[in-house]
Amino acid sequence: MTDQPQSPSIAAQANAMWGGRFADGPDAIMQAINASIGFDRRLYAQDIRGSRAHAAMLAATGILSNKDAEAIGEGLLTVLSEIETGGFPFRVELEDIHMNVEARLKEVIGEPAGRLHTARSRNDQVAVDFRLWVRDQCDAAAQGIEALMRAFLAQAEAGADWVMPGFTHLQTAQPVTWGHHMMAYVEMLARDRGRFLDARARMNECPLGAAALAGTSFPIDRHMTAEALGFDRPTANSLDSVSDRDFALEFLSAASICAMHLSRFAEELVIWSSAQFRFVRLSDKWTTGSSIMPQKKNPDAAELLRAKLGRILGATVALFTVMKGLALTYSKDMQEDKEQVFDAADNLMLGLAAMTGMVADMTANRAVLAEAAASGFSTATDLADWLVRELGLPFREAHHVTGTLVALAEGKGCDLPDLTLSDMQGVHAGIRADVFDVLGVENSVRSRRSYGGTAPDRVREQIARWKAALA
């Protein structure tokens with residue numbers, strides 16, 4: 001049997017991209033573990049943008065002819081269009097988005113495509129692509145958080161003076177206002193937004209031009225490419241430029257904290273929408289039924305959102321684990337930096353959108369909130385404060401007197417405002433009738449006028465401040 005002519009193998013195509021060092025192609029399993037095009041194709045827009053900026057710089061510095069640079073720039077736009085319209089032939093044997101784009105560019109424009117990789121490496125190329133992508137995600141997260149803050153603000157404004165129980169240990173502590181509770185999440189989210197914006201500012205340096213690890217002998221202009229790509233400046237150390245992923249870790253850390261805040265409110269929605277609490281009602285848009293129990297209305301959106309934190313926090317731990325043992329500079333381990341970030345970003349944005357919908361759509365049960373606010377001896381602290389303020393008792397003594405009165409009321413099966421003056425004077429003879437003025441929950445919340453307190457006027461001040469800040 002005679003040998004038949006063979007077309008160039010997949011391995012040979014890959015080796016043509018690597019250069020002449022390899023005489024044989026990779027094992028199929030090696031190819032499978034080495035290829036990243038299945039996920040890093042998401043970087044196509046950033047990769048093409050970076051390549052166009054690099055080609056323009058090469059022409060401006062005389063490293064590349066204007067004719068070749070123009071052909072490369074136009075060819076890259078053709079490739080971009082093919083990807084965006086679904087006509088691009090992604091090939092696993094070309095490993096990653098960088099080699100896929102460059103190979104297709106050569107098919108489109110021919111020999112000039114081979115000049116594009118002058119004075120750069122895949123190391124600085126992926127660093128700039130990934131940094132551009134994460135920077136975009138910081139912007140998207142900040143916008144998503146702002147939308148959720150506005151939804152909480154609307155709820156706070158509607159119920160600035162609605163009373164509800166405030167909890168510690170999930171037990172009634174003191175009465176607060178619905179608006180105050182909603183504004184707590186506005187404050188949390190504002191810090192989340194700040195973390196993303198801070199991370200964006202820190203990562204806004206351009207690694208392109210660091211080449212493989214040591215820079216390049218070509219007379220490139222790194223400030224030009226940095227400006228073209230919207231960075232504040234080029235990175236200052238070529239080793240650091242290609243070897244660190246702290247910008248991605250910072251994004252994941254901010255995402256984990258934000259997701260934790262979303263998870264906390266999701267937990268409150270699960271509790272509040274239960275038949276035992278009935279504090280809020282979630283619409284049919286954000287609930288599901290049961291396959292066997294027709295009465296059920298399950299807060300599945302909140303429960304799923306609560307679980308998203310696990311994935312995002314897991315991604316953070318995974319990337320820390322990848323990076324923690326790597327000596328400078330680039331190691332192939334760092335190919336495992338993207339999937340976790342992509343997944344975390346997707347789930348964060350989904351969580352923000354879902355929570356914004358639930359907050360905007362939920363209906364608070366004002367009557368139930370007020371009833372709950374008046375239960376559980378919620379004005380006990382107001383009584384203790386009155387004893388200090390009006391009778392001059394040391395707070396520890398006032399605390400003891402109040403605790404005794406709570407025990408008395410509990411024994412009688414009533415709340416503090418239901419005790420008689422005689423009952424109270426039996427515990428402390430100095431108590432006067434005007435003590436009852438502080439025992440109502442409405443009076444209690446109105447009295448909490450310290451800055452940041454739950455008094456409706458204070459809540460409205462904070463609402464106005466944040467509405468102006470987000471305008």
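The values are calculated or read from the model by the stated rules, or taken from the named source; none is laboratory data. Here the structure is a predicted model, which means the values were calculated and not measured. No Cβ is skipped: glycine too gets one built from the backbone with ideal geometry, and neighbour counts run over all protein chains shown. Ligands, DNA and RNA are stripped out before the accessible areas are found, and what is left, the full protein with its side chains, is counted by its heavy atoms. Shrake-Rupley method; radii C 1.70, N 1.55, O 1.52, S 1.80 Å.
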Fill in: Packing-based order for 166-173, 128-135, using average beta carbon neighbours within 10 Å, highest first
128-135, 166-173
Worksheet item: Just going by the charge dipole of the stretch 375-470, with Lys and Arg at +1 and Asp and Glu at -1 on Cβ, which of Ala433, Leu393, Leu421 is farthest out on the positive end?
Response: Leu393
Worksheet item: Could you give the dipole magnitude of the stretch 375-470 about its Cα centre, charging the beta-carbon of Lys and Arg +1 and that of Asp and Glu -1, in debye to the nearest 20?
Response: 560
Fill in: Tensor-based shape of the stretch 27-115 (alpha-carbon gyration tensor, a/c under 1.5 rounded, otherwise prolate or oblate)
prolate
Worksheet, complete the sentence: Pseudo-spin-label distance Glu442 to Asp333, built 7 Å along Cα→Cβ, given in nm, is 6.5
Item to complete: Taking the chain as the reference, fit the longest principal axis to its C-alpha atoms, fit the long axis of helix 66-84 to the helix C-alpha atoms, and give the angle between the two in degrees, 0 to 90, nearest 10.
Response: 50
Practice prompt. State, to one decimal in nm, how far the label point of Glu107 lies from the label point of Glu82, with both points 7 Å from Cα in the Cβ direction.
Written response: 0.5
Practice prompt. Whenever you get a sec, compute what percent of the accessible area on the chain sits on carbon and sulfur atoms (1.4 Å probe).
Written response: 53
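So if each residue of separation counts as 0.36 nm, and I subtract the Cα-Cα distance between Glu157 and Lys324, what length gain in nm does that give?
Net length gain for the segment: 55.5 nm.
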Practice prompt. Tell me what the chain gives for mean residue ellipticity at 222 nm when only DSSP H runs of n ≥ 4 count, each as -39,500 (n - 2.57), the sum divided by the residue total, rounded to 500 deg cm²/dmol.
Written response: -20000 deg cm²/dmol
Worksheet item: Using the per-residue mean of other Cβ atoms lying within 10 Å as a proxy for protection, in what order, highest first, do the peptides 141-149, 452-460 fall?
Response: 141-149, 452-460
Fill in: Computed FRET value (nearest 0.05) for Arg432 with Thr288, which takes r as the C-beta separation and R₀ as 41 Å
0.15
Worksheet item: For the stretch 273-366, what does the alpha-carbon gyration tensor say about shape, rounded, prolate or oblate, given a ≥ b ≥ c as the root eigenvalues, a/c under 1.5 as rounded, and a/b over b/c as prolate?
Response: prolate
Fill in: Dipole-positive endmost among Ala151, Ala69, Gln137 within the stretch 59-166 (Cβ charges, Cα centre)
Ala69
Fill in: Rule-of-thumb Rg ratio for the chain [Cα; 2.2 N^0.38 Å; N residues]
1.37
Fill in: Rounded to the nearest 20 debye, dipole of the stretch 27-115 from Cβ charges on Lys, Arg, Asp, Glu
220
Practice prompt. With an 8 Å cut-off on Cα pairs and a minimum separation of 6 or more residues, tell me the relative contact order of the chain in percent.
Written response: 16
Fill in: Loop chymotrypsin sites (Phe, Trp or Tyr not before Pro), the stretch 211-320 (other Cβ atoms within 10 Å of the site Cβ: 16 or fewer; DSSP)
Phe277
Practice prompt. Kindly report the accessible area of the chain per residue (heavy atoms of protein chains, probe 1.4 Å, no ligands, DNA or RNA), in Å².
Written response: 47
Worksheet, complete the sentence: If one compares the long axis through the Cα atoms of helix 122-158 with the longest principal axis of the Cα atoms of the chain, the angle in degrees, nearest 10, works out at 20
Discussion item. Given bins 10 angstrom wide, list per bin the percent of all Cα-Cα distances in the stretch 200-265, short to long.
Written reply: 21, 40, 22, 12, 5, 1
Worksheet item: Picking from Ala59, Leu94, Leu105, whose Cα lies most toward the positive end of the charge dipole for the stretch 27-115 (charges on Cβ: Lys, Arg +1; Asp, Glu -1)?
Response: Ala59
Discussion item. Quick check: the angle from helix 300-323's long axis to the longest principal axis of the chain, C-alpha only, nearest 10 degrees?
Written reply: 50
Item to complete: Place a +1 charge on the Cβ of each Lys and Arg in the chain and a -1 charge on the Cβ of each Asp and Glu, then give the dipole magnitude about the Cα centre in debye, rounded to the nearest 20.
Response: 540
